[in-house]
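Derivation of every value follows stated rules applied to the coordinates shown; laboratory data play no part. What you see is a predicted model; the values in this text were computed from it and never measured. Glycine gets a Cβ as well: all are built from the backbone with ideal geometry, and neighbour counts include every protein chain shown.
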Amino acid sequence: MAELARWPSSLPSPLVEGYSEDDGDEGVISTTMQAGPAKRRPRVTLVPDAVKVSLLLTRAQFQVLNGFYLTTLRRTARFIWRDFRIPESADNVAVYRFMGKPTARPVSANYWEVALVLERFSRVDGHFPLDFYDNKNWPAT
């Protein structure tokens with residue numbers, strides 16, 4: 001599997017008032033298989049969360065974002081960015097994908113407000129964010 005691209009470090013964090021999430025009902029689709037032995041477990045799939053983000057960018061940063069979206073990701077590839085639901089740390093990352101083209105509106109002569117609609121998939125490291133790991137108790141909460 002190819003390594004995922006990372007969100008450009010030259011772009012700022014989202015605006016607080018421009019950030020929202022929609023995880024649907026429970027975020028899980030569960031179905032019981034119609035065929036096969038009765039011991040078979042039901043199939044469960046994680047539904048990606050819809051995340052809306054607003055960024056305040058300069059013209060140069062807006063060009064970097066467009067290059068990242070069009071050239072690096074080719075509009076549909078996934079990328080790694082910070083997971084804003086939990087506190088900032090080195091391993092706090094999640095996988096995202098653009099659901100549509102970024103939309104921009106000028107705020108002043110030098111700044112643009114850019115709206116992004118993203119899908120957030122599971123965390124990259126795959127562990128529950130409240131688990132604490134140490135050498136003796138693995139995992140301990």
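Take the Cα of T76, step 7 Å toward its Cβ, do the same at N92, and the gap between the two points is 3.3 nm. Note on T103 and K52: their simple-model spin labels are 0.9 nm apart, each label 7 Å out from Cα toward Cβ.
Between S122 and S20, how high is the FRET efficiency from 1/(1 + (r/R0)^6) when r is the Cβ-Cβ distance and R₀ = 25 Å? Nearest 0.05. The formula returns an efficiency of 0.80 here.
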